[in-house]
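One structure is given below, encoded as C-alpha cells.
The values are calculated or read from the model by the stated rules, or taken from the named source; none is laboratory data. This is a predicted model, so every value here is computed, not measured. Please note: Cβ atoms are built from the backbone with ideal geometry, for glycine as well, and neighbour counts cover all protein chains shown. Accessible surface areas use protein heavy atoms only, side chains included; no ligands, DNA or RNA. Shrake-Rupley method; radii C 1.70, N 1.55, O 1.52, S 1.80 Å.
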Amino acid sequence: MSRMVTIASCSVEWDFRTTARAAALDLVDQAGRRGADIVCLPEFVGSDCRDGEFIPTPVPGPVTSSFAQLAAKHRTYVIVPLVEQCDGGLPYNTCVLLDRGGHIVGRYRKTHLCLPGFQEGQKMRAGDDVPVFQTDFGAIGMTTCMDIHYPELYTVLALKGAEVIFWPSGAMDYTGDLIESLVNARAIDNQVYFVPSHAVQLPYLVGRPYGRSRIVDPMGRVRADTGHFPGVAMAEVDLDQTYPMWYEGEMLDRHPTMRQTLFRTRRPELYDDVAKPVEPRHWQRGAAPEDQSKEPSP
C-alpha cells in the first residue's frame, strides 16, 4: 500500500523587521498551483512587525482569512504561524492549521519559549497542549523553533500517531551542524517526516535567517531543500514507506519496520525521571550531579 502526499515548505525572504505576509501569500499560491497537499510557512510570518515587535492578531481574523482564501482556492492545507492575540493576557506564538476548505482545524501554541536575547518568555505565554491533527492523508503535529531542543515533545507527538511533524522556526544562526543534526535526529528517532520552515535574508551570512526549508524523511534523508534562498521546497512522499528492518522469519513478521520496532520495544517504566523537575544541582554551571549508581553504605 501507499499513501502519497505532496508536502511544501516555504522559505520567505524576511529580516524580521518588516511585514512579510505578502511574500508568504505568494509562496502559498505558488505551492498550491504546483499541487501541494499541505504548505508550511516560517515562524511569525503571519503577523505584522513594527520596530522589531510582532503585533498580535486575532484567530480567526483577517490574517487567517487571507490564507484561508488560498487554501480553499488550491484545496490545500496551510500552516500559518503568527502571534495570536488573547484577551486579558500575553499573546501566544501560534501555528494555525487550515484545511482544504480554508477552515481552521486547530492550533498549536509554542510550549518552550526562547529566553536569551529575544526574551520571548517575557513577551508571550507558553502553550500547554501537544495536539495531533487528523488530515485526509494522515496525522500531523506542529512545533515551533525552540521546541526542537526538547526531544520528549516529539516522542509524545509520535506516540499520539503523528506521521509528519512541521517545524516553523525563526532561528537566525546556521552552524551547518547543530540544526541539521537536531532535525535529522527528530525524524529518525520518531520515524516521521520532519518539515522545517525558515525565513531567509539575502545575501545569507552567519547571524541572519538562513532558509533551508526542507522535507526530511524517517531515514534522515533530505527529499527537498530551498537552500539559502527564498522559495518552495516540495516533495511527494509515501507515508506508508517506513524504514524496513533487517530481521528474518518470525521476528520480521512481528517487527517489519523501524517505527514498529522502536515503539514496541520501548521501556516506559524506565523513563519516570523524564517527567520530573530537575534539581538545580544537576544543571548549574560547575555543579557535579550526584553519582546515583553507587550502592548505599551499610
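Restricting THR265, THR226, THR261, THR257 to those that are touching a residue at least 24 places away in the same chain (Cβ under 8 Å) and more than 30 Å from GLU13 (Cα to Cα) reduces the list to THR257.
Based on what the data block shows, is THR94 more than 19 Å from HIS198 (Cβ to Cβ) and polar (S, T, N, Q)? It is false that THR94 is more than 19 Å from HIS198 (Cβ to Cβ) and polar (S, T, N, Q).
Within the stretch 19-33, being surrounded by fewer than 23 Cβ atoms within 10 Å (Cβ to Cβ) and touching a strand residue (DSSP E or B) at 6+ places or on another chain (Cβ under 6 Å) holds for THR19, ALA23, GLN30. Selection within the stretch 157-211: residues that are among the charged types (D, E, K, R) and more than 20 Å from GLY141 (Cα to Cα). The member of this set that is surrounded by the most Cβ atoms within 10 Å (Cβ to Cβ) is ARG208. Right, LEU70: open to solvent by less than 30 Å² (accessible area, probe 1.4 Å), closer than 24 Å to MET4 by Cβ, aliphatic (A, V, I, L, M) and out of contact with any Phe, Trp or Tyr (no Cβ under 9 Å at 6 or more places or on another chain) or not? In short, yes. Restricting attention to the stretch 100-151, the residues that are in contact with a strand residue (DSSP E or B) (Cβ under 8 Å, 6 or more places away or on another chain) and either open to solvent by less than 40 Å² (accessible area, probe 1.4 Å) or of a type in the set (Ser, Thr, Tyr) (or both) total 23. List, please: which pairs have Cβ atoms under 6 Å, are six or more places apart or on different chains, and start with a residue in the stretch 194-207 that is in contact (Cβ under 8 Å) with a residue 60 or more places away in the chain and within 21 Å of TRP167 (Cβ to Cβ) and end with one that is among the charged types (D, E, K, R) and open to solvent by less than 10 Å² (accessible area, probe 1.4 Å)? Filtered contacts from the stretch 194-207: PRO196/ARG214.
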